[in-house]
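Step one of this worksheet: look at the structure below.
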Amino acid sequence: MHILVVNDDGPPSASSSPYVHSLVRELQQAGHLVSVCLPHTQRSWIGKAHIIGQTVEPTYYRPPPPSQTPAGIAPRDGEPDNSGTLHTRPHRQAAGAETVGDAAPEEWVLVNGTPASCVQIGLYHVFRERPPIDLVLSGPNYGRNTTAVFALSSGTLGGALEGATCNKPSIALSYAFFNKNHDRDIIAEASRHSVRVIEALYKQWPQDRSVDLYSVNVPLLAGVSSHKVVYASILQNYWREGGCFVAEDVTEDTAEVAGASAAEEAKIRASEEASGEAAAGAPSVEEPVSAAVPGAATPGSGHTPLTHRHFKWQPHFSDVYRSVDEAQPGNDGWAVREGLTSITPLKANFFQAATHLHQTEFQLDPPGEAKQAGFHDLPQKPPVPAPDEKLYALISYEDPYVQPIILDALKAAVPENQLQLLTAAPGATAPTADQPVSLQNLLKGVTSKPDALKVLQITPYEVIDFDYAASHAASTVVNSFMIRKALIRKHFLASTVEQWVAKRPESVLAKHVQRTEAFEVDYAEFLDDALVEAFDLRTSLDANEVADDEASRQWWILKPSMSDRGQGIRLFSTMDELQAIFDGWEAAQEETGAEGFGNDEDDHNDAVAAADLRHFVVQPYIHPPLLLPATGGRKFHIRVYVLCLGALRVYVHRDMLALFAATAYTPPWATEKDSGDDSDDGDRTKSPNLAAHLTNTCLQDEADKGDAVRRFWDLEEPECSTGGDGASIKDVIFDQICRVTGEVFEAAAVAAPIHFQPLGHAFEVYGLDFLVSAGAASTPAGARSAAPVTAWLLEVNAFPDFRQTGTGLQDVVAQFWADTLRLVVRRQLFGQATGVDEEAAEDSGGLVLVKNVVLGRR
């Protein structure tokens, strides 16, 4: 690859440009052709500027040879001078025509211009005799370029922006340092790490022109190459009290003032190193520079006399660091503070690009792999099974809708001659709970060495051979974790979130999961006793009793904790209404001879959530929901397919579904009432008709479903304003869903390890349901968030009912399983054996990595 390197810090210098030669050497050692064009002096904070009317003049810098310490790094005692040499003419012209055949030294071009000028001159003039330039690399900057305050003025980003506007892939690279000890080993590690990041970005560059350039920030820390590399947004922040200048009295020694720029640059660097403290000598926010004005205003003039002063460049970086501390995690400033390398995809038009990648981990190639060649031919995908390896797979999903989809996805992931499908028994079509499968016995029938085989089992939960999988964890993958009720039972999910948020009140779950009251009741007559500790609910119901009308009440939704498919859900606003619901259920069960609301047999293995009317949860009803154009005013929820891989990587599939209610939405108090039983106790004990409120299509007649399921991304945008920073409302919703999904699985794994235990030799697919409200969520402190909508997590379903997607959108399910099995086969079954730890972008497909929790059980 031919790389044009520019920067805004000028030629190598221990005081202002200590990193550029180290990076150039690492790029050269990786086999790349590097051409360098730099400003001849410091040009920081100049952005993408050109100097109008200037004639740009070059000089020529020859760095020290490879045997010496890189220029810009102070030599140790006894080491030779490594400052390099400066020349007014290039080597060939200075040496004379008779020496043209001699070996030319490495030579950089220095120009009396800006970083953007360096790009123009490097691309179109001084290096035209060399091969075409593949990539413009601006940096590495001496200091971070995180947050909008830095990025908007950065000459480093300005150079990359110029390269992007010249239609070249461009990267702005910045090194964030934290102290004055610029250790050469740390610099060398950062440069090697940066080369890996640069090569991986170039290899994975989107071909749809959705990204023009990347801003990369590498923290100068020992071990940075072992830390995560994450996509991150640019934090939108602002100068606050101080700004960039301080006023000072006029001095007659203008020459002294004019010659102080180098010293001021050193002070600014020192203030960056001070981790947010103001530069030495700068006034604090509490002690502003005196603004005393001699004389007084002219009476009646309305004008205050002006004082002649000079204004000294002295920015307050405390504003920047404070903004990072106050912001939510996920931005570039946060990433660097945590010791992570941040990558921000950008368009050269002041809009951030690929926002769906923010807060996901960026995948690097394994260290030590040779990387060469051009933009389109850097290899390769993670390894598929070796030619002599076979995958033995038992695929016997109980659902005829999804069974052929899974088989097709597996056949696409594994070559036909390397895949052997197993059957449960001769003539059998599927294993059953009464006759569970034994993988050991199945494999004995096909090979004499069953213990050495790669095995995949995808079956209903009840018949998974967990014992075999546990004893063959390095070669077997099954399609479910053994224990996961911390998420899939509603009262357990409520407890998991409550424990997590109690210790982390700033958690995203605090603003995207409704507060929940859980209770257990056996008989309707004991309902009042069951709610003794449901303080919020009782307070709300008492207030509702004296409310002037139903519209002023707070409405609640009741859900049986272990039911699915929308069974048992009711709406209520008073204790009388809630009691009537339970009385009606009990009367119906008494007719059938059953006792209470369920039986005493607990579904301990969580295979299928039973309609057990014993454990219940209630939550505030979400009103108003977001209603979209061209949907008949119907309420909808979003079904998100999620993959959990090993222990524990969590992926959200980008192709989401919107499931609509059968009739147009009306508030609960304005909806026609339906008692749901034969009682006639008046409207106050009747529940609103649920057709306008429940979006689970299982409750709808086939004739009523129509377009009840649609692609989320095909829906029209609402007519309200965008989500900020130019993001669409749908992008805002997707971002919220990704953050909530990642954190709820982390909460289960970390805060509820007894009830959620991911396995390194397993994967599981889930269906998560979100309801979007029209309006921002309230934080625990009562403040409002900035988002115009809020995606609320409703529930988590294991073994989701894919049939509800319908035949018209079956390709959504097919793509999800294709992406899932490609990762499962390559990463879980064959990746460990080959040392591949990360999937390539083309293998993740529509799956977005939203959380990578290291639990020590991989």
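The values are calculated or read from the model by the stated rules, or taken from the named source; none is laboratory data. Here the structure is a predicted model, which is why all the values come from computation and not from measurement. Cβ sites come from the backbone with ideal geometry, for glycine too, and all protein chains shown count toward neighbours.
Quick notes on this structure:
- Unmet criterion (only one of (1) buried (at least 19 other Cβ atoms within 10 Å of the Cβ); (2) over 30 Å from ALA327 (Cβ atoms); (3) of a type in the set (D, E, K, R); (4) modelled with pLDDT of 90 or more) for ASP467: (1)
- Residue within the stretch 483-497 that is charged (D, E, K, R), more than 30 Å from TYR401 (Cβ to Cβ), at pLDDT 90 or above and under 30 Å from the mean Cα position of the chain (by Cα) present: no
- TYR214 vs. criteria at pLDDT 90 or above, assigned to a strand (DSSP E or B) and either of a type outside the set (Ser, Thr, Tyr) or closer than 19 Å to LEU157 by Cβ (or both): yes
- Inter-residue pairs, beta-carbon under 9 Å, first within 25 Å of ALA348 (Cα to Cα) and in the stretch 208-225, second of a type in the set (Phe, Trp, Tyr) and assigned to a loop (DSSP other than H, G, I, E, B), 6+ apart: VAL211/TRP205; TYR214/TRP205; PRO219/PHE177; PRO219/PHE178
- Candidate set: the stretch 159-176, residues that are buried (at least 24 other Cβ atoms within 10 Å of the Cβ) and more than 26 Å from the chain's Cα centre (by Cα); chosen: the one farthest from SER44 (Cα to Cα): GLY163
- Residues located in the stretch 177-201, provided they are more than 27 Å from the chain's Cα centre (by Cα) and in contact (Cβ under 8 Å) with a residue 12 or more places away in the chain: ASN179, LYS180, HIS182, ASP183, ARG184, ASP185, ILE186, ILE187, ALA188
- For beta carbons closer than 7 Å, sequence separation of 6+ or different chains, a first residue in the stretch 836-852 that is over 19 Å from PRO758 (Cβ atoms) and a second that is modelled with pLDDT under 70 and in a loop (DSSP other than H, G, I, E, B), the qualifying pairs are VAL836/PRO382; VAL836/PRO383; ALA840/LYS381; ALA840/PRO382; GLU842/LYS381; ASP843/LYS381; ASP843/PRO382.
- Pair list, Cβ under 7 Å, 6 or more apart: the stretch 327-340 residue over 15 Å from THR360 (Cβ atoms), other residue charged (D, E, K, R): VAL336/ARG144
- GLY139 being assigned to a helix (DSSP H, G or I) and within 28 Å of GLY330 (Cβ to Cβ): no
- From PHE802, PHE816, residue being at pLDDT 90 or above, over 20 Å from the mean Cα position of the chain (by Cα) and of a type outside the set (A, V, I, L, M): PHE802
- Condition met for VAL732 (touching a Gly at 6+ places or on another chain (Cβ under 6 Å), outside any strand (DSSP E or B) and either surrounded by fewer than 23 Cβ atoms within 10 Å (Cβ to Cβ) or at pLDDT 90 or above (or both)): yes
- Yes/no for ALA494 being surrounded by fewer than 22 Cβ atoms within 10 Å (Cβ to Cβ) and in contact with a Ser or Thr (Cβ under 7 Å, 6 or more places away or on another chain): yes
- Of the criteria (1) crowded, with 16+ Cβ neighbours inside 10 Å; (2) within 27 Å of GLN757 (Cβ to Cβ), which one GLU520 fails: (1)
- Filtered residues of the stretch 14-32 (kept if in contact with a Gly (Cβ under 8 Å, 6 or more places away or on another chain) and under 15 Å from ARG196 (Cβ atoms)): SER22, LEU23
- Test result for TYR665, out of contact with any Asp or Glu (no Cβ under 6 Å at 6 or more places or on another chain), in contact (Cβ under 8 Å) with a residue 24 or more places away in the chain and farther than 23 Å from ASN689 by Cα: no
- Unique residue being assigned to a strand (DSSP E or B), at pLDDT 90 or above, of a type outside the set (S, T, N, Q) and closer than 28 Å to TYR461 by Cα when the list is VAL642, VAL618: VAL642
- Condition met for SER174 (in a loop (DSSP other than H, G, I, E, B) and hydroxyl-bearing (Ser, Thr, Tyr)): no
- Among all residues of the stretch 746-755, there is at least one that is modelled with pLDDT of 90 or more and touching a strand residue (DSSP E or B) at 6+ places or on another chain (Cβ under 7 Å).
- Qualifying positions in the stretch 741-767 - within 16 Å of LYS490 (Cβ to Cβ) and among the β-branched types (Val, Ile, Thr): VAL744
- Looking only at the stretch 537-563, and only at residues there that are of a type in the set (Lys, Arg) and not in a helix (DSSP H, G or I), the one that is farthest from ALA747 (Cα to Cα): ARG553
- Scanning the stretch 397-418 for residues that are outside any helix (DSSP H, G or I) and surrounded by fewer than 18 Cβ atoms within 10 Å (Cβ to Cβ) gives GLU398, ASP399, PRO400, TYR401, PRO415.
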